[in-house]
Each structure stands twice: as C-alpha cells, then as structure tokens.
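Chemist: Shown below is the structure under consideration.
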Amino acid sequence: MRLALFDLDNTLLGGDSDHAWGDYLCERGILDRAAHQARNDEFFKAYQNGTLNIADYLNFSLELLGRTDMAQLDQWHREFMRDRIEPIILPKALELLDKHRAAGDQLLIITATNRFITGPIAARLGVDTLLATECEMIDGRYTGRTTDVPCFQGGKVTRLNRWLKENGQSLEDSYFYSDSINDLPLLEQVSHPFAVDPDAKLTATANERGWPIISLR
C-alpha cells in the first residue's frame, strides 16, 4: 500500500497546535502569560529557523503534564480542541486527505508535537496512524518527560524507518507534505515531496529541486 505522509502543524492545520496549546493555557490563567509566552515564542522562532534544541523545548513543554492529573488534562484538551483546533482545520487539507484515501493510500501523520496534543487531532482528521514525540507515562499518568526518539528533523526519519520495518512497509512511490525546512531529512526520502505553504527556507529548497509547492490555505 502506498504511503501518504503528512506533517501536521502549518500543513494540515492553519497554525501550530503546540504553540496554540501554550496560548490556550495562558488565556485560561493556567500558566503565567508573560513568562510562558516569551519562552514559547523564543522556542517557536528557533523552530522556524531550524535551530530548535528539542531537548530544551521538551523539558519546557511537557512539565505541566507531569504535575496535572489526567482528568483535568483531558478536560482542558477537549476545550482546546473546540476553541483552538477546530477553527484552524483547513477544508483543503481535509480534501487532500480524502483524495489519498480514495486512491487507496495509507495515511500517516508524522509530527514533532507531542502525542498528548496531537492524538485527538489526528483522530479528528480521520488518520489512524500517528508518529509523534512521545510523553512518558508511569502508573497511568504523565511524568513530564519525553521518551523514545523525538519525532523531529532526522528523528522523523528514524521513527518512520522503525515503523516501516515493523509494519512491512516501504517508501516506494510515497508522498510527504510539509511546510517546514525542519522536515528536509524526510522530504529527501520520499518519492513525491510536496512543500505546503512553506517557510522561506523550504521555499528556496523546493524551487532549487523542482519540488511542487502547494497551498492548503
């Protein structure tokens, strides 16, 4: 079965779910707005520039999960989905997913954002297979730490290659859609790389290599 791979943030969504989660928590008064947003914006700028230190970011972003019970986290996430994610689901992204489904392709979302945030989003988009940065759980609750290889830059290739081996799949005639230069390692692996509303660095790379540039906005 041919694989159709999709980045999530700023590709299938008209925004960044990880950044939006932090904004949502600040709006609710759960986190201190000034302190959190300044640090979050700093990390986000580094991500856009392709210079993010993923370990530092994960220590920052997952800390709240480790000190909050699951029922409360689930409630917050339901409200987050309603208020912040539904408005940025792109109709053209849903059409693209449907196009690949109709072609009989297997859909897979592969994202650097952690599974707590992205699991319900992938389900909302009707995509059963998700590779995301993993959140460690012990005795039914989050520890506030990550586990496994972060699903970021070359880590996406590492995680995907493991999944391919475990599931007897290959990247023959595969597609990958992404907005970010951070995904260059994986874009270089697939048969059909697509730059979707790309950042400046990916735009330049796509133009140099003759990759299609599309918009879902």
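Chemist: Using the Cα centre as the reference, give the magnitude of the dipole from point charges on the C-beta atoms of segment 1-148 (Lys, Arg: +1; Asp, Glu: -1; all else neutral), rounded to the nearest 20 debye.
Modeler: With only Lys, Arg, Asp and Glu charged at Cβ, the dipole is about 240 debye.
Chemist: Still on this structure: Please give the solvent-accessible surface of CYS135 in Å², to the nearest 10, using a probe radius of 1.4 Å with every protein chain present.
Modeler: Here the accessible area works out near 20 Å².
Chemist: Next question. Considering the chain as a Gaussian network with a 10 Å cut-off on Cα pairs, which listed residue, LYS165, LYS45, LYS156, attains the greatest mean-square fluctuation?
Modeler: Of the options given, LYS165 has the highest mean-square fluctuation.
Chemist: Still on this structure, please answer the following. Measure off 7 Å from each Cα along the Cα-to-Cβ vector at ILE138 and ASP41, then give the distance between these two points in nanometres to one decimal.
Modeler: The two pseudo-label positions are separated by 3.6 nm.
Chemist: I've got another one for you. Based solely on its DSSP helices, what 222 nm [θ] is calculated for the chain when runs of n ≥ 4 H residues each add -39,500 (n - 2.57) and the sum is averaged over all residues, nearest 500 deg cm²/dmol? Intermediate values should be presented prior to the final figure.
Modeler: Working: 9 runs with 102 residues, N = 217.
That comes out to -14500 deg cm²/dmol.
Chemist: GNM on the chain, C-alpha springs below 10 Å: top fluctuator among ASP197, ASP69, ASP18?
Modeler: Most flexible of the set in this elastic network: ASP69.
Chemist: Report the GluC sites (Glu not before Pro) located in segment 75-182 that are in a DSSP loop and have at most 15 other Cβ atoms inside 10 Å of their Cβ, or state none.
Modeler: Details: sites: GLU79, GLU95, GLU134, GLU136, GLU166, GLU172; in loops: GLU172.
Of the GluC sites (Glu not before Pro), the ones in loops of segment 75-182 whose Cβ has at most 15 other Cβ atoms within 10 Å are GLU172.
Chemist: Leaving out ligands, DNA and RNA but keeping every protein chain, what accessible area does TYR47 have, in Å² rounded to the nearest 10, with a 1.4 Å probe?
Modeler: Only protein atoms counted, so the area is about 40 Å².
Chemist: With every protein chain left in place and a probe of 1.4 Å, what is the accessible surface of MET137, to the nearest 10 Å²?
Modeler: 90
Chemist: Could you give the semi-axes, largest first, of the ellipsoid that matches segment 70-146, computed as the square roots of 5 times the alpha carbon gyration tensor eigenvalues and rounded to whole Å?
Modeler: Numbers: eigenvalues 133, 51, 16 Å².
Working through the eigenvalues yields semi-axes of 26, 16, 9 Å.
Chemist: Next up: Can you compute the radius of gyration and Dmax for the chain, using only the Cα atoms, both in Å?
Modeler: When restricted to Cα atoms, the chain yields Rg and Dmax of 16.9, 50 Å.
Chemist: I want to verify a result. In a Gaussian network model of the chain, Cα cutoff 10 Å, which of these has the top mean-square fluctuation: ILE117, ILE30, ILE54?
Modeler: Among ILE117, ILE30, ILE54, the largest mean-square fluctuation in the Gaussian network model of the chain belongs to ILE30.
Chemist: Output the 0 to 90 degree angle, nearest 10, between the alpha-carbon long axis of helix 200-209 and the longest principal axis computed from the alpha carbons of the chain.
Modeler: 20
Chemist: Shifting gears a bit: With axes computed from alpha carbons, what is the tilt in degrees of helix 70-80 against the longest principal axis of the chain, rounded to the nearest 10 within 0 to 90?
Modeler: Taking the Cα atoms of the chain, the angle to 70-80 is about 60 degrees.
Chemist: How many Å² of accessible area per residue for segment 134-206, probe 1.4 Å? Please list the in-between numbers first.
Modeler: Details: 3280 Å² over 73 residues.
On a per-residue basis, segment 134-206 sits at 45 Å².
Chemist: What does the accessible area per residue of segment 1-92 come to in Å², with a 1.4 Å probe and no ligands, DNA or RNA counted?
Modeler: Details: 4250 Å² over 92 residues.
About 46 Å² of surface per residue is accessible.
Chemist: Can you pull the percent of the chain's accessible area that's carbon plus sulfur, 1.4 Å probe, other chains left in place? Don't skip to the answer; put the middle values down first.
Modeler: On the way: 4700 of 9840 Å².
After summing per-atom areas, the C and S share lands at 48 percent.
Chemist: Percent of alpha carbon pairs in segment 72-197 separated by more than 27 Å?
Modeler: Values: 1636 of 7875 pairs.
It works out to 21 percent of all Cα pairs.
Chemist: Okay, next question. Would any residue of segment 1-35 have its amide N under 11 Å from a label point 7 Å out along Cα→Cβ of ASP173? List them or say none.
Modeler: 1-3
The values are calculated or read from the model by the stated rules, or taken from the named source; none is laboratory data. These numbers come from a predicted model, not from an experiment. Every residue, glycine as well, gets a Cβ built from its backbone with ideal geometry; the counts of neighbours run over all protein chains shown. What goes into the accessible areas is simple: the full protein's heavy atoms, side chains included, and nothing from ligands, DNA or RNA. Shrake-Rupley method; radii C 1.70, N 1.55, O 1.52, S 1.80 Å.
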